[in-house]
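Notes to accompany the following structure.
The values are calculated or read from the model by the stated rules, or taken from the named source; none is laboratory data. Computed from a predicted structure; not experimentally measured. A quick note on method: Cβ atoms are made from the backbone with ideal geometry, for glycine too, and the neighbour counts reach across all protein chains shown.
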Amino acid sequence: MTSPLPSPTPASVLDLAPVVPVVVVEDAADAVPLARALAAGGLPAIEVTLRTPAAVDAIRAVAREVPDAVVGAGTLITPEQVTEVVAAGARFLVSPGWTDALLAAMRASGVPFLPGVSTTSEVVALLERGVREMKFFPAEAAGGTAYLKALAAPLPQARFCPTGGIGPASAPEYLALPNVGCVGGSWMLPKDAVADRDWGRVEALAREAAALSAGATCR
């Protein structure tokens, strides 16, 4: 039987799902069943962070074996990492912050990207460079929903994926904001569930997270 083809590269990361799981993979062998569980639960966009030696192999495996998932790479801080993860199959890119060199590499990659910001000046600088979709990080520490509400009036053209300290209780408050497209988080991936390879529990938690869009619109 022929494997289904992966869906096309998304035009916008913010429109894939209300929640983007932020995944730290310690063992590349866990990447495929973990991604299948998240996608089955309704969270197809999966950000694999470059925080472990297994990350690039995990991205490669998910890109090859889980067509229902849209795998991306997070914690990108150098242009060289951008080249490596795109070659491995990453279909979107996320950075905790940005420089002109990193931004140029992400733009040249041909896949959607979310450069990280935490201040108004960083947002304005990206808008000046033609970038309107950004990661707001670390969301809770940088001012949370109050900060994003304050940005909406003077900078309505900027849209965000807040990440950092967000959980199931606070996620709906973010998703209700007009300048938030989706949120990033890892609460659907409890360490004990991943350690025990309890993919059924991960799928159930992913389904609950996907349902958060019921009370908020992810544009």
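Look through segment 1-54, keep the residues that are charged (D, E, K, R) and modelled with pLDDT of 95 or more, and return whichever of them is nearest to the chain's Cα centre (by Cα). Taking the candidates together, the pick is 47. Of the residues in segment 83-105, at least one is within 18 Å of residue 24 (Cα to Cα) and polar (S, T, N, Q). Restricting attention to segment 9-36, the residues that are part of a loop (DSSP other than H, G, I, E, B), in contact with a Lys or Arg (Cβ under 9 Å, 6 or more places away or on another chain) and not aliphatic (A, V, I, L, M) add up to 3. Please work out if residue 68 is farther than 15 Å from residue 206 by Cβ and either aliphatic (A, V, I, L, M) or out of contact with any strand residue (DSSP E or B) (no Cβ under 8 Å at 6 or more places or on another chain) (or both). So residue 68 does not fit the description; no. Checking the conditions here, which among 115, 96 is under 23 Å from residue 179 (Cα atoms) and out of contact with any helix residue (DSSP H, G or I) (no Cβ under 9 Å at 6 or more places or on another chain)? Criteria check complete, one pass: 96. The set of residues in segment 139-162 that are under 23 Å from residue 74 (Cα atoms), touching a Leu at 6+ places or on another chain (Cβ under 9 Å) and not small (Gly, Ala, Ser) comprises 145, 148, 159, 160, 161, 162.
Suppose we keep only residues that are surrounded by 14 or more Cβ atoms within 10 Å (Cβ to Cβ) and under 20 Å from the mean Cα position of the chain (by Cα) within segment 187-198. Which one would you say is farthest from residue 166 (Cα to Cα)? Checking each candidate, the answer is 194. Of the set (1) buried (at least 20 other Cβ atoms within 10 Å of the Cβ); (2) touching a Ser or Thr at 6+ places or on another chain (Cβ under 9 Å), all apply to residue 144 but (1).
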